[in-house]
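Data first, discussion second: the structure below is written as structure tokens.
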Amino acid sequence: MCSFIRVQIYDKPVCRFGAVIIIAKAILITLYQQAMLAAERKIREENGMGRDNPLRWFWVALWMLFLSVLSGCGNEPRMSPLPADAVIVAFGDSLTYGTGADDEHTYPHQLELLIGREVINAGVPGETTDQGVRRLPEELADYRPALVILMEGGNDFLRHYPAGDTRRNLRQMIELIRQAGSQVVLVGVPQPKLVLSSAELYQTLAEELQVPYLDGAMAEILSDKTLKSDLIHPNGDGYRRFAEAVAGFLREQGAINGLNPSWEK
């Protein structure tokens, strides 16, 4: 899964992909520190020095800095486990509705099969984020979901709405979801351009509100013509790939333990 998408949580990708590198550097620094301290002791003994050299404290401070980086990664909030009877609402526009595929190949339907939990398809084609803000409270009241997967904003980009308005509407939706007692996952939506990537406002918002953030999955799919039904929508295979990306993200975050054994590739 990691080879297909880039997953970011709270704008700290180093904690997902760079942890091994940091640990390796920390080990090397420890070895170097020990060598320097041994050399320092030898110099002190040869020169009859009876007090510590300030160099010791430099390396101690450096080591503590690396420990703080590692501890910061470990303290990131994780999602709460979803019970087997949890209801998940997939909220969004045509990308959630499944334009370009039949009902059985939409991402919410395939995600439901994949994780063994009920997933409500609350996608409305053509919807903008300001419309989504008005519709969301009814969906929350009707389904009382344990989790909302929020993927909206594409129609704002197509209509050239100000990014500030889109960001404000998404923030309001996240706040409404949390006020309802539900968890939320924010999904980055790409802007129409030559090289697709999630719009920067999603990353900014995820960092600001500390929202679990799935970045790059939809952009990767829409960059592959074999996974698209038209210029801006996936086909059945593309939605399947996206459902797998979401399921992998939920598992990494601790929301689910594994995939439905009955799922067939």
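Kindly provide the set of residues from region 164-210 that are among the basic types (Lys, Arg) and modelled with pLDDT of 95 or more, ordered by number.
Of region 164-210, the ones among the basic types (Lys, Arg) are 167-168, 171, 178, 193.
Passing the criteria: Arg167, Arg168, Arg171, Arg178.
Residue by residue through region 142-173, note down the ones that are free of Cβ contacts under 8 Å to residues at least 40 places away in the same chain, buried (at least 19 other Cβ atoms within 10 Å of the Cβ) and not charged (D, E, K, R).
As a first pass, look at region 142-173 and keep what is free of Cβ contacts under 8 Å to residues at least 40 places away in the same chain: 142, 156, 159-168, 171-172.
If we keep only those that are buried (at least 19 other Cβ atoms within 10 Å of the Cβ) as well, we get 156, 166-167.
Correct list: Thr166 only.
Kindly establish whether Glu220 is farther than 17 Å from Arg78 by Cα, of a type in the set (D, E, K, R) and part of a helix (DSSP H, G or I). Talk me through it step by step, then tell me what you get.
Values: farther than 17 Å from Arg78 by Cα: yes; of a type in the set (D, E, K, R): yes; part of a helix (DSSP H, G or I): yes.
Taking the combined requirement at face value, the residue satisfies it.
Within region 110-117, is even one residue modelled with pLDDT of 95 or more, among the basic types (Lys, Arg) and either part of a loop (DSSP other than H, G, I, E, B) or within 22 Å of the chain's Cα centre (by Cα) (or both)?
Looking for residues that are modelled with pLDDT of 95 or more, among the basic types (Lys, Arg) and either part of a loop (DSSP other than H, G, I, E, B) or within 22 Å of the chain's Cα centre (by Cα) (or both), one finds at least one in region 110-117, hence yes.
Counting only residues that are at pLDDT 95 or above, closer than 15 Å to His109 by Cβ and surrounded by fewer than 20 Cβ atoms within 10 Å (Cβ to Cβ), how many does region 218-265 have?
Within region 218-265, residues that are at pLDDT 95 or above, closer than 15 Å to His109 by Cβ and surrounded by fewer than 20 Cβ atoms within 10 Å (Cβ to Cβ) number 3.
Quick check, is Leu114 surrounded by fewer than 21 Cβ atoms within 10 Å (Cβ to Cβ) and in contact (Cβ under 8 Å) with a residue 60 or more places away in the chain?
Numbers: surrounded by fewer than 21 Cβ atoms within 10 Å (Cβ to Cβ): no; in contact (Cβ under 8 Å) with a residue 60 or more places away in the chain: yes.
No; evaluated as a whole, the condition is false for this residue.
Run down Thr129, Thr99 and say which single residue is in contact with a His (Cβ under 6 Å, 6 or more places away or on another chain), hydroxyl-bearing (Ser, Thr, Tyr) and surrounded by 16 or more Cβ atoms within 10 Å (Cβ to Cβ).
On the way: Thr129 fails: in contact with a His (Cβ under 6 Å, 6 or more places away or on another chain).
None of the others qualify; the one that does is Thr99.
Just give me the residues in region 76-109 being assigned to a helix (DSSP H, G or I) and of a type in the set (Val, Ile, Thr), in sequence order. Full working, then the answer.
Initially, region 76-109 is screened for residues assigned to a helix (DSSP H, G or I), giving 94-97, 103-105, 107-109.
Within region 76-109, just Thr96 meets the criteria.
Does any residue in region 73-89 that is modelled with pLDDT of 95 or more come within less than 7 Å, Cβ to Cβ, of a residue that is assigned to a loop (DSSP other than H, G, I, E, B) and of a type in the set (Val, Ile, Thr) six or more places away or on a different chain, and which pairs are these?
Leu82/Ile256
Kindly provide the set of residues from region 137-183 that are of a type in the set (Gly, Ala, Ser) and either in contact with a strand residue (DSSP E or B) (Cβ under 7 Å, 6 or more places away or on another chain) or assigned to a helix (DSSP H, G or I) (or both), ordered by number.
The initial filter retains those residues of region 137-183 that are of a type in the set (Gly, Ala, Ser), namely 141, 146, 153-154, 163-164, 180-182.
Matches in region 137-183: Ala141, Ala146, Gly154, Ala163, Gly164, Ser182.
List pairs: first residue in region 199-222 and at negative phi and in the same structural domain as Asp165 (by TED's automatic domain parsing), second residue part of a helix (DSSP H, G or I) and polar (S, T, N, Q) anywhere in the structure, Cβ distance under 9 angstrom, at least six positions apart or on different chains.
Cβ pairs passing all conditions: Ala199/Thr166; Leu201/Thr166; Tyr213/Gln203; Asp215/Gln203.
Can you name the residue in region 226-265 that is aliphatic (A, V, I, L, M) and touching a Gly at 6+ places or on another chain (Cβ under 9 Å) and is also nearest to Gly126 (Cα to Cα) among such residues?
First pass over region 226-265, keeping only residues aliphatic (A, V, I, L, M): 227, 231-232, 243, 245-247, 250, 255-256, 259.
Restricting the remaining residues to those that are touching a Gly at 6+ places or on another chain (Cβ under 9 Å) gives 227, 232, 245, 256, 259.
Working: Leu227: 21, Ile232: 12, Ala245: 24, Ile256: 31, Leu259: 32 Å.
The residue in question is Ile232.
Would you confirm, using the coordinates I've provided, whether Val189 is under 15 Å from Tyr107 (Cβ atoms) and either polar (S, T, N, Q) or in contact (Cβ under 8 Å) with a residue 12 or more places away in the chain (or both)? Show your work before the answer.
On the way: under 15 Å from Tyr107 (Cβ atoms): yes; either polar (S, T, N, Q) or in contact (Cβ under 8 Å) with a residue 12 or more places away in the chain (or both): yes.
Criteria met by Val189.
The values are calculated or read from the model by the stated rules, or taken from the named source; none is laboratory data. Note that the structure is a prediction, hence the values are computed from the model and not measured. Glycine also receives a Cβ, built like all others from the backbone with ideal geometry; neighbour counts cover every protein chain displayed.
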